[in-house]
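Every number here is computed from the coordinates shown, using simple stated rules; none is lab data. Everything numeric here is computed off the predicted structure, so don't read it as measured data. Here the Cβ is made from the backbone with ideal geometry for all residues, glycine too, and neighbour counts use every protein chain on show.
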């Protein structure tokens, strides 16, 4: 069982964090369509909600249309919120703003960020003290440098370094430094393998597209996974709607008429339905694999 800090590191910078914070902002509960809106994609919202459920951050009594955060979920959300005010999340956000400012502006000092268009971070104005603290960290670790240093003004004529350019695109600047400037790629979906190879990543976020039709490989994977999912679904009245939804996905894939967007929507609906059943966790994991196969 992970503690709060471990869970925090697990979801920081992911769609699950966005959905968690959206739910807390809404008073502790969220409709599934609102979760999709928080991350800009229905399937990504479904996976993010499922991840929160797996981590025990949602209440087990959620229904088909909405969910509520558990006490652990609300506690973690409040920890995130406080950190964004005066903790590591705030410091990271200001460091990032400083790097972007000195990259894009030919300014005499880093503290000029305060009076610039970029001087509002997460809805709150940055202060000179925040900028100087951020710049001290950045310069000490080689992410920024001053061309002309002077006593009492270490941020004169600041320039971004090559390490700083990479740091802008990292999920967390401090962790990038602590890793020794080794970049990692955050995967905001669920990573899974299936027999016969690794399927592609689940579609998530804005600006992503899928092919108009499933490839032969993807269709094979989809059919194999739907059969496996159906074998896991109990054959009773409680699970009949879920079984029907998965059978619909199988039928569309078999006919070749099913477009990826339609199949993803059905898989997302099935995942929401599975969340309220006794066999839900195993089935959701398989549905995540199904979504990856559809999007490959």
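State, to one decimal in nm, how far the label point of residue 147 lies from the label point of residue 26, with both points 7 Å from Cα in the Cβ direction.
5.0 nm
How big is D, in µm² s⁻¹, for the stretch 216-295 by Stokes-Einstein at 37 °C and 0.692 mPa s if Rh is the Kirkwood radius over C-alpha pairs?
My calculation gives 271 µm²/s for D.
Regarding the stretch 4-84, what are the three Cα extents along the principal axes, ordered largest first, in Å?
29, 25, 21
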